[in-house]
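K.L.:
My questions will all concern the structure given below.
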Amino acid sequence: MSRIGKSPINIPEGVTVTIDGSTVTVKGKLGELTQEVKDIAVKQEDGQIVIETTADTKDQIARSGLYRSLIYNMVEGVSAGFTKELELVGVGYRASNQGQKLDLALGFSHNIVLELAPEVKVETVSEKGKNPIIKLTSHDKQLVGQVAAKIRSFRKPEPYKGKGIKFVGEQLRRKAGKSA
């Protein structure tokens, strides 16, 4: 059973939480996020958010852990933000951005141009002798992960040489290849 749902969420300085029926709204210096909550009671008590189940069924207890994690990520996002870094490994793989347009050269016959949501800030770093890095930053954890997964899906890392788009720090399972 979920023990995550029982622990309270501390509200940091500069973050305001509004609970209106089944809608939780979190505002902070980086933005505003809302979440619909079903079958779970959410209360704000002396600087903390407490999640309570209305019945002790297995489904309700599991849902309490889910909504606690979602609300915690909202509070973290509007106060500190989330960052994902992608590394392009391969000869001739390049990335550049003009505002919210990300231009990727991944060895295809044409470049891939991706228009990003305005909530996601993109930055590309290209240093001589190092692999290009794409930095995605936003207050919405789900959106950053979704955009990073979309970019990674254009050229997933292959297991023999490790070429492709991978997360910074990701460990790849490598295969030996042909043995003569």
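K.L.:
For the charge dipole of the chain, defined by +1 on Lys and Arg C-beta atoms and -1 on Asp and Glu C-beta atoms about the Cα centroid, which residue among ALA62, GLY14, VAL168 has the Cα displaced farthest towards the positive pole?
P.N.:
So the residue we want is VAL168.
K.L.:
Same structure again: Per DSSP H run of at least 4 residues, take -39500 (n - 2.57); add these up for the chain, divide by its residues and hand me the 222 nm value, nearest 500 deg cm²/dmol.
P.N.:
Here the helix-only value at 222 nm equals -6500 deg cm²/dmol.
K.L.:
At 1.4 Å probe size, with the rest of the protein present, what percent of the exposed accessible area of the stretch 62-105 is carbon and sulfur atoms?
P.N.:
C and S fraction of accessible area: 49 percent.
K.L.:
Go ahead and set up a Gaussian network model of the chain, Cα springs under 10 Å, then flag whichever of PHE108, PHE154, PHE82 fluctuates most.
P.N.:
Ranking PHE108, PHE154, PHE82 by mean-square fluctuation puts PHE108 first.
K.L.:
I want the local charge near ALA117. Using Cβ-Cβ distances under 13 Å, sum +1 for each Lys or Arg and -1 for each Asp or Glu among the other residues.
P.N.:
Once all neighbours under 13 Å are counted, the net charge is 0.
K.L.:
Another one. Could you rank the peptides 17-28, 90-101 by their average count of other C-beta atoms within 10 Å per residue, with the highest value first?
P.N.:
The most tightly packed comes first, giving 17-28, 90-101.
K.L.:
OK, next. Each residue of the stretch 127-132 in turn: what ³J(HN,Hα) in whole Hz from Karplus with 6.51, -1.76, 1.60 and θ = phi - 60°, glycine and Pro shown as x?
P.N.:
10, 5, x, 10, 6, x
K.L.:
Measure off 7 Å from each Cα along the Cα-to-Cβ vector at LYS135 and ARG94, then give the distance between these two points in nanometres to one decimal.
P.N.:
2.1 nm
K.L.:
Over the alpha-carbon set of the chain, divide Rg by the Kirkwood Rh and report the Rg/Rh ratio to two decimals.
P.N.:
The Rg/Rh ratio comes out at 1.10.
K.L.:
Starting from the Cα of ARG173, step 7 Å along the direction of its Cβ; do the same at LYS6; then give the gap between the two resulting points in nm.
P.N.:
Distance between label points: 3.6 nm.
K.L.:
From the backbone phi of the stretch 61-78, what are the Karplus-calculated ³J(HN,Hα) couplings (6.51 cos²θ - 1.76 cosθ + 1.60, θ = phi - 60°) in whole Hz, Gly and Pro given as x?
P.N.:
Going residue by residue, I get 5, 5, 5, 5, x, 4, 5, 5, 5, 5, 5, 4, 5, 5, 5, 5, x, 6 Hz, with x marking Gly and Pro.
K.L.:
What number comes out for accessible area per residue over the stretch 78-180 if the probe is 1.4 Å? Units Å², please.
P.N.:
64 Å²
K.L.:
Further, regarding this structure: Hey, what do the phi angles of the stretch 16-25 turn into as Karplus ³J(HN,Hα) couplings, whole Hz, using 6.51/-1.76/1.60 and θ = phi - 60°, x for Gly and Pro?
P.N.:
Per-residue couplings from phi come out as 10, 10, 10, 10, 10, x, 9, 10, 10, 10 Hz.
K.L.:
With unit charges on the beta carbons (Lys and Arg positive, Asp and Glu negative) and the dipole taken about the Cα centre of the stretch 39-109, which residue among ASN97, GLN48, PHE82 sits farthest to the positive side?
P.N.:
ASN97
K.L.:
With axes computed from alpha carbons, what is the tilt in degrees of helix 141-153 against the longest principal axis of the chain, rounded to the nearest 10 within 0 to 90?
P.N.:
Its long axis makes an angle of about 20 degrees.
K.L.:
How large is the accessible surface of THR83 in square angstrom, using a 1.4 angstrom probe and rounding to the nearest 10?
P.N.:
90 Å²
K.L.:
Once you charge only the Cβ atoms, +1 for Lys and Arg and -1 for Asp and Glu, what is the size of the charge dipole of the chain about its Cα centre, to the nearest 20 debye?
P.N.:
1380 debye
K.L.:
Moving on to the next point. Any chance you could look up the accessible area of HIS110 with a 1.4 Å probe, heavy atoms only, rounded to 10 Å²?
P.N.:
Answer for HIS110: close to 110 Å² accessible.
The values are calculated or read from the model by the stated rules, or taken from the named source; none is laboratory data. Worth saying up front: this structure is predicted, and the values here are computed from it rather than measured. Glycine also receives a Cβ, built like all others from the backbone with ideal geometry; neighbour counts cover every protein chain displayed. Just the protein is used for accessible areas: all its heavy atoms, side chains included, with ligands, DNA and RNA removed. Shrake-Rupley method; radii C 1.70, N 1.55, O 1.52, S 1.80 Å.
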